[in-house]
Amino acid sequence: MKKSMPTLLKVTLAAALLAAASPALLLPQATVHAETESDWFEIKLAPLKIQIGDQLLDVPGGKSAEGDTYVGLAFLSKQLGLTTAWDEATKTVTVSSPNKKMSMHNQDTKYSLDGREFYKTLPPVIVDGTTYLPLRLLLEQMGYQIGYNDESHVVTITKIQENELTLTNKSESKKITDNQEITINYPQIEGWANSAASAKINAFIQSEIEKYKDAANKGLSKNGNEYPYSFDVNYQITYNQKHKLSLYFEVYSFTGGAHGSTTRDSHTFDLDTGNELSLQQLTSNNANYKTIINETIKKQIKEQDYALIEPFESIRDDQGFYLKDDTVVVYFGQYEYAPYVLGILEFPIPLSAFAAAK
């Protein structure tokens, strides 16, 4: 059953990505060579302008049919100083920085970051012997911020000053039968100067993981040994700057039927206190934060022309959110406002909107 999960996730997340896509990005080239194993995902090669500091570069790149930007490995090593490699024996592409290592395979949506495996909608693609990687997906994982200027059509790449800590992946798995498996991944903080705060956060995360384990075991017991069962917990670090850490857990479960279901649980922490931060705290303690968020979401719904199953009126008191770059991203679960095919809807709101409205 494990192999079914990536395919279903790709369908769901791809739809969500297309529905909430940001302005299209493009990008460069690589010196990695390998045989193309599959051609289910194609990109069209096209030039791109990239701004890095005071350098404006013209680089070759690629663009998917949906407007996703692809970058070649040579650009990553020559211009960003990342280490790139191709392992012919395992057909593996690796991109490394001093403290992160990401690996992937051609036409495969499974990635590995510092030993943790996760799935995304966009795969690496080899064209004429050159490997192209999804720009935003790759560089955001490696600690960069990506921007795009609609007027000049220039992509900007900025190195993020991340918090001086190490996020170590912990993984637990249990295979019950050939089609029944439980897999749980979660992060733990190491090396942070405020050890009391990081210990508090680690303990909170571990307590959440115990809840997931309990839910997984109860679901398995209810489902019975003769039916397929998959319970997969993974996570995404979305913000690790300015003494704050934001992340979300994504929980995929499958108990048979046409498709599985995915839920998301997000948490944002103050690394100085170890406390979890509320949405109002992150929005400059603006008394009108709900109104600002509601108006922005309604505007984005209209712009994206979403076909909602019920009208949106207001966020909840316990609304899910996470930090990303200079925005707070508010999200809604599957079926909450939109049909399954649109997946988890996300709405980014600039943090500046809350400070300006005070």
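Every read-out reported here was derived from the displayed coordinates using simple, explicitly stated rules and does not represent laboratory data. Remember, it's a predicted structure, so these values are computed and weren't measured experimentally. Glycine gets a Cβ as well: all are built from the backbone with ideal geometry, and neighbour counts include every protein chain shown.
Results, tabulated for the structure shown:
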| read-out | value |
| --- | --- |
| Cβ-based charge dipole, the stretch 128-204, positive-most Cα from Asn163, Trp192, Ile146 | Trp192 |
| Where the Cα pairs of the stretch 84-131 fall when distances are cut into 5 Å bins, in % | 5, 20, 31, 27, 13, 3, 0 |
| Candidate lysines - alpha carbon under 28 Å from Lys299, same-chain residues fewer than 8 apart omitted | Lys10, Lys63, Lys120, Lys290, Lys324, Lys358 |
| Cβ crowding within 10 Å averaged over residues, with 306-317, 187-198, 69-80 ranked highest first | 69-80, 187-198, 306-317 |
| Average Cα contact separation per residue, the chain, under 8 Å, 6 or more apart, as relative contact order % | 14 percent |
| Top positive-direction residue, dipole computed over the stretch 38-158 with Cβ charges, set Pro60, Tyr132, Ile43 | Tyr132 |
| Helical segments meeting 20 Å axial Cα length and Kyte-Doolittle 1.0 threshold in the chain (DSSP H) | 4-19 |
| R0 of 22 Å, Cβ-Cβ distance Leu57-Glu162: FRET efficiency to nearest 0.05 | 0.35 |
| C-alpha center-to-center spacing [the stretch 163-198, the stretch 245-299] in angstrom | 20 Å |
| Subset of Lys101/Lys175; Lys101/Lys200; Lys174/Lys222 violating a 20 Å alpha-carbon distance limit | Lys101/Lys175; Lys101/Lys200 |
| Candidate aspartates and glutamates for bridging to Lys91, where Cα separation is under 15 Å - those fewer than 8 sequence places away on the same chain excluded | Glu35, Glu37, Asp108 |
| Modelled FRET efficiency - R0 35 Å, Gln304 with Asn217, Cβ distances, 0.05 increments | 0.35 |
| Listed values [x] 20.6, 68; [y] 22.4, 66; [z] 20.6, 62, entry calculated as Rg and Dmax of the Cα atoms in Å | [z] |
